[in-house]
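Below is one structure; the comments refer to it alone.
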Amino acid sequence: MSRPKPIKRVLVVDDEAVVRNGIRRALEGRGTEAVLAADGMEALALLDHQPFDLVLLDIRMPDMDGMSALREIQSRHPGTPVIMITGYPTIDTAVECTKLGAQDYLVKPFRLADLEGSLHKLETGGAGTPAGSPSSPSSERGLQITGNRDFIIGDSPEMEALFEKIRKVAPTDSTVLITGESGTGKELVARAIHAYSRRKDREFVAVDCSSLVETLLESELFGHVKGSFTGALDTKHGLFELANHGTFFFDEISNLSLKIQAKLLRVIQEREFMKVGDQKKIRLDIRIISASNRDLHESIEAGAFREDLFYRLSVVPIRLPPLRSRTDDVPLLVEHFLSRFSNRINREVPLVSKEAMEILKEYAWPGNVRELEHTIERVLILEDTDVIRPGHLPSFISQRQGDFQMFSEDPFPLEELERQYIRFVLQRTGGKKTRA
């Protein structure tokens, strides 16, 4: 089978410099050239003078918005693929983008995996799971999420138990509560449950409950009617409508205010809701998955989380193990990340010495799988070597072997002693600051 044609040049169009630069870094990390434009007019001028394999186009921009720019691109440069990006997703805009010829639709803030998934679909002509990949949820290395190249890696007993739970709960419509430390892959598990459910061809909508203030979150979830509050110039569809017949994922649900918790409880019970400022009820058919890195029992005792909502959300609880409790999976994860990032930067996959791998297995990984992923990416970028040895690893990992040493041969300031001891205790408590 011939390799898919890669996307080599991308035009990134967004009025926010931080977004443009963030996407540029992500694209360059996979060996793709990125050209930046701050608005639709600048983008059209660039397209008139040079070809691009793809345009990433923001919807809300001054002067010429993304919709107008998309129409012009389709008229003046037919055949140029366009992916729309927006921080204000609605059903209407998603439908309109599709009608105008957009290839895909990304909601800010999106993950690198979301962007990579969209690029992969374009490069493979929309192909789903590659030929030869496992037809069932599990593989010998872990669990593959259908339709993209994301994996949940692991073959330890803890992960096998996790995969078995996913197999059992995915075909149902039961609500699922995923708990675990930061960096353990809670959203990845939620996407896996969706991917192997009957709703897999419908929307998966994720909301980070810690990123939006209460008033904005309420409008985003339920939508609003024109004139319902100051600044509501148009009727807006909410994310619940966008997710209808699909899956809704609440990340860090412990950050929801008690007011929103009460409304969410009613949505779960009644399977209907109303837009802000409206009296018309909208029927809802969604599966709800939520996640938290906090102990919700403690939040309930503190009066910060409703007990009745907790029991509604945790029909099927799934607890993700920290990486330090499944160290036998570290070599598999290292191999996976080495292969992924090596392909992105077009270099041979290096080997890992036995000594370096032992250090990686012994480290406590307070940031869990996410920290390991970032560590491997950093090593590949900074170290030009065919074999990764202990000296190539970050010093905060390679120098933390063995027990804490109270004194060295040479005297040193008390501040340094305190700093070393704090690091030691944090390592022993798995990075939990309150326990430390």
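Taking the condition of being more than 18 Å from the chain's Cα centre (by Cα) and within 25 Å of M159 (Cα to Cα), how many residues in segment 324-350 meet it?
Adding up the residues that qualify gives 13.
What pairs come out if I take residues in segment 41-54 that are farther than 9 Å from V10 by Cα and pair them with residues that are of a type in the set (D, E, K, R) and buried (at least 18 other Cβ atoms within 10 Å of the Cβ) whose C-beta lies under 6 Å away, six or more apart or interchain?
none
Residue by residue, here is whether (1) more than 22 Å from L27 (Cα to Cα); (2) touching a residue at least 60 places away in the same chain (Cβ under 8 Å); (3) not in a helix (DSSP H, G or I) holds:
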{"position": "N346", "(1), (2), (3)": "no, yes, yes"}
{"position": "A356", "(1), (2), (3)": "yes, no, no"}
{"position": "K361", "(1), (2), (3)": "yes, no, no"}
{"position": "P366", "(1), (2), (3)": "yes, yes, yes"}
{"position": "E371", "(1), (2), (3)": "no, yes, no"}
{"position": "I376", "(1), (2), (3)": "no, no, no"}
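Mind listing whichever residues of segment 299-323 are among the hydrophobic types (A, V, I, L, M, F, W, C) and loosely packed, with under 14 Cβ neighbours inside 10 Å?
A302
List pairs: first in segment 67-88 and of a type in the set (F, W, Y), second assigned to a loop (DSSP other than H, G, I, E, B) and surrounded by fewer than 20 Cβ atoms within 10 Å (Cβ to Cβ), Cβ under 8 Å, 6+ apart or cross-chain?
What qualifies is Y88/R60.
Within the group Q279, Q261, Q269, which residue is modelled with pLDDT of 75 or more and open to solvent by 10 Å² or more (accessible area, probe 1.4 Å)?
After ruling out the rest, the residue left standing is Q269.
Quick one: in segment 382-400, of everything that is touching a helix residue (DSSP H, G or I) at 6+ places or on another chain (Cβ under 8 Å) and β-branched (V, I, T), which residue is modelled with the lowest pLDDT?
Here the answer is I397.
Can you list the strands (runs of 3 or more DSSP E) lying wholly within segment 166-252 that have 2 or more residues being at pLDDT 90 or above, open to solvent by less than 20 Å² (accessible area, probe 1.4 Å) and in contact with a strand residue (DSSP E or B) (Cβ under 7 Å, 6 or more places away or on another chain)?
The strands (runs of 3 or more DSSP E) meeting that bar are 176-179, 247-251.
So that you can scan it fast, the table gives a plain yes or no per residue for (1) out of contact with any strand residue (DSSP E or B) (no Cβ under 6 Å at 6 or more places or on another chain); (2) buried (at least 19 other Cβ atoms within 10 Å of the Cβ); (3) among the hydrophobic types (A, V, I, L, M, F, W, C); (4) at pLDDT 90 or above:
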{"site": "S325", "(1), (2), (3), (4)": "yes, no, no, yes"}
{"site": "R340", "(1), (2), (3), (4)": "yes, no, no, no"}
{"site": "I345", "(1), (2), (3), (4)": "yes, no, yes, no"}
{"site": "A356", "(1), (2), (3), (4)": "no, yes, yes, yes"}
{"site": "K361", "(1), (2), (3), (4)": "yes, no, no, yes"}
{"site": "A364", "(1), (2), (3), (4)": "yes, yes, yes, no"}
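Go through (1) closer than 29 Å to R199 by Cβ; (2) in contact with a Gly (Cβ under 9 Å, 6 or more places away or on another chain); (3) not in a helix (DSSP H, G or I) and name the single condition H336 misses.
(3)
If you scan segment 175-201, which residues turn out to be on the phi > 0 side of the Ramachandran plot and touching a Pro at 6+ places or on another chain (Cβ under 9 Å)?
The answer is G180, G183.
Can you pull out every residue in segment 376-395 that is over 14 Å from L360 (Cα atoms), among the aliphatic types (A, V, I, L, M) and open to solvent by less than 30 Å² (accessible area, probe 1.4 Å)?
Of everything in segment 376-395, just one residue is over 14 Å from L360 (Cα atoms), among the aliphatic types (A, V, I, L, M) and open to solvent by less than 30 Å² (accessible area, probe 1.4 Å), namely L380.
Any residue in segment 60-70 that is under 29 Å from N244 (Cα atoms), out of contact with any Leu (no Cβ under 9 Å at 6 or more places or on another chain) and crowded, with 21+ Cβ neighbours inside 10 Å?
yes
Within segment 66-117, how many residues turn out to be in a helix (DSSP H, G or I) and either at pLDDT 85 or above or of a type in the set (S, T, N, Q) (or both)?
13
Does segment 295-341 hold any residues that are among the hydroxyl-bearing types (S, T, Y) and touching an Asp or Glu at 6+ places or on another chain (Cβ under 7 Å), and which are they?
Matches in segment 295-341: S325 only.
Which one is surrounded by the most Cβ atoms within 10 Å (Cβ to Cβ), of the residues in segment 41-59 that are modelled with pLDDT of 90 or more and farther than 24 Å from P6 by Cβ?
This residue is L44.
Among residues belonging to segment 276-289 that are of a type outside the set (A, V, I, L, M) and touching an Asp or Glu at 6+ places or on another chain (Cβ under 8 Å), point out the one that is nearest to A170 (Cα to Cα).
Going through the qualifying residues, I end up with R287.
Against the condition within 15 Å of L106 (Cα to Cα), open to solvent by less than 40 Å² (accessible area, probe 1.4 Å) and small (G, A, S), how does A26 come out, does it pass?
Yes.
The values are calculated or read from the model by the stated rules, or taken from the named source; none is laboratory data. Just so you know, these numbers come straight off a predicted model, no measurement behind them. Note that we place each Cβ from the backbone using ideal geometry, even for glycine, and neighbour counts take in every protein chain shown. These area figures cover heavy atoms from the full protein model, side chains too; ligands, DNA and RNA do not enter into them. Shrake-Rupley method; radii C 1.70, N 1.55, O 1.52, S 1.80 Å.
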